[in-house]
Amino acid sequence: MTLPRLDHRAARRLFLHRHGLGQAPAGPGKGADLLGVIQDLGFVQIDSINTVARAHDLILFSRRPAYRPAALKRLYEDDRAPFEHWTHDAAVLPVAQFPHWQLRFRRDAERLKARWRNWQGHGFEDRFAPVLRHVRDHGPVTSSDVGGDEKKGSTGWWDWHPSKTALEYLWRTGALSVTGRTGFQKRYDLTERVIDETLRQSTPPAEETLAWAASAALDRLGFASAKELAGFWDIATLAEARDWAASALARGEIIEIEVEGQDGSPRRAFARPDVLAEAAALPPAPGRLRALSPFDPALRDRARALRLFGFDYRIEVFVPAPKRKYGYYVFPLLEGERIVGRIDMKADRAADLLRVTALWPEPGIRWTAPRQARLEAELARLTRLAGVSEVSFANDWLRAPG
């Protein structure tokens, strides 16, 4: 049987529109508008690295240039409109999704206990009751508020003392919630004091949550394999995503299509029945150049980024400096509907400068004067997010295409 085919240009355009990058970046970037961005994306990954801005801030800024970090802090800590938990990594999610995380809590309870016993031993389990009692009696805590002498032997980020491990376990399994962050350190409180009772008492059956997870993932991706549906929220297993797809196909809720990649090769995917008509009706993305976070939801799946954009990206934070091809934390550059380069830059806040160390155009991209003007306009916008005033370029900043 010949499947409907979504050509490469249409697939890329649809994907960018579903990720808020096919539209002109505009809007107040706060309050209900900001929550709407998070809802449209499904979640926004949180990351601590702050060479220019933290990942979550740049993800939101890329879609709402008026956005400032204080807006997310208010939405999160004061309005309680999003909550923080785990998808494939730590993320902020619309609080309306909290009931579906009950399944995640139950599944993580045994999975993490078994995994972390191998890592930490059994000591962290003995700290559950004392840690909960401390939080109940004293209110929100950070990991530095619990553990006492346990912390003396800690040597690194993943060398958690037993009480820190207990805090993380109790958060990952729903007894505690993150109520905010001090710097980048999480503050934990009892979930009953953070999440509205109606949401806490709502416990959908597992099959309802699994159907929601697969369906909601497809709506945000535009087209996806079963593996991509399972990996989006990291709630459903691959087998469960396949089961949902088979049932949804039988009901006529989705169809199978072929999606053409950058290299012209087709790949099977699931999509909504009207996907081809929707893609054909979409306007081109604006020609504006945008610096994206390496953790932007449009690029997080590196294999999909390679198929759709021909963009082969590897984060080199953990690569020894002499072995890096590009740099410690390099930002992809999106222009219109193409990734045109990657830029190594860092905010030097003491000098009040955004320092550009290097830029590598993608193969086949000429770095023309108009493109340079678009880059400089984007960097000027970024200075406001990074908290600096000016941009400086190193002498040899423009490199040969990667």
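For residue 398, the residues whose modelled amide H falls within less than 5 Å of its own, excluding neighbours fewer than 5 places apart on the same chain, are 359. Computed from the Cβ-Cβ distance with R0 of 30 Å, the FRET efficiency linking residue 267 to residue 324 stands at 0.45.
Beta-bridge orientation, the chain: approximately 85 percent antiparallel, per DSSP, counting only bridges with both partners inside. Could you please state how large a percent of the accessible area of the chain is carbon and sulfur, counting protein chains only and using a 1.4 Å probe? Summing carbon and sulfur atoms, their accessible area is 51 percent of the total for the chain. In a shell of Cβ-Cβ distance under 15 Å around residue 256, excluding residue 256 itself, what net charge do Lys and Arg (+1) and Asp and Glu (-1) give? Once positives and negatives cancel, what remains is +2. Overall, the anisotropy analysis places the chain in the oblate class: the square-rooted eigenvalues a ≥ b ≥ c of its C-alpha gyration tensor yield a/c not less than 1.5, with a/b not exceeding b/c. Among 363, 313, 239, pick out the residue whose Cα is farthest towards the positive end of the charge dipole of the chain, where Lys and Arg carry +1 and Asp and Glu carry -1 on C-beta, about the Cα centre. The Cα lying farthest towards the positive end belongs to 363.
Here is how the number arises for the chain: DSSP H runs of 4 or more residues each give -39500 (n - 2.57), the sum is divided by the residue count, and the result at 222 nm is -11500 deg cm²/dmol. A protection proxy built from the mean count of other Cβ atoms within 10 Å ranks the segments 344-351, 231-238, most packed first, as 231-238, 344-351. Shown for the chain are the DSSP H helices of 18 Å or more along their axis, judged by Cα atoms, with a mean Kyte-Doolittle hydropathy of at least -1.0: 206-221, 238-251, 369-386.
The values are calculated or read from the model by the stated rules, or taken from the named source; none is laboratory data. In this text, all values refer to a predicted model and were calculated from it rather than measured experimentally. Heads up, the Cβs are rebuilt from the backbone with ideal geometry, glycines too, and the neighbour counts pull from every protein chain shown. These area figures cover heavy atoms from the full protein model, side chains too; ligands, DNA and RNA do not enter into them. Shrake-Rupley method; radii C 1.70, N 1.55, O 1.52, S 1.80 Å.
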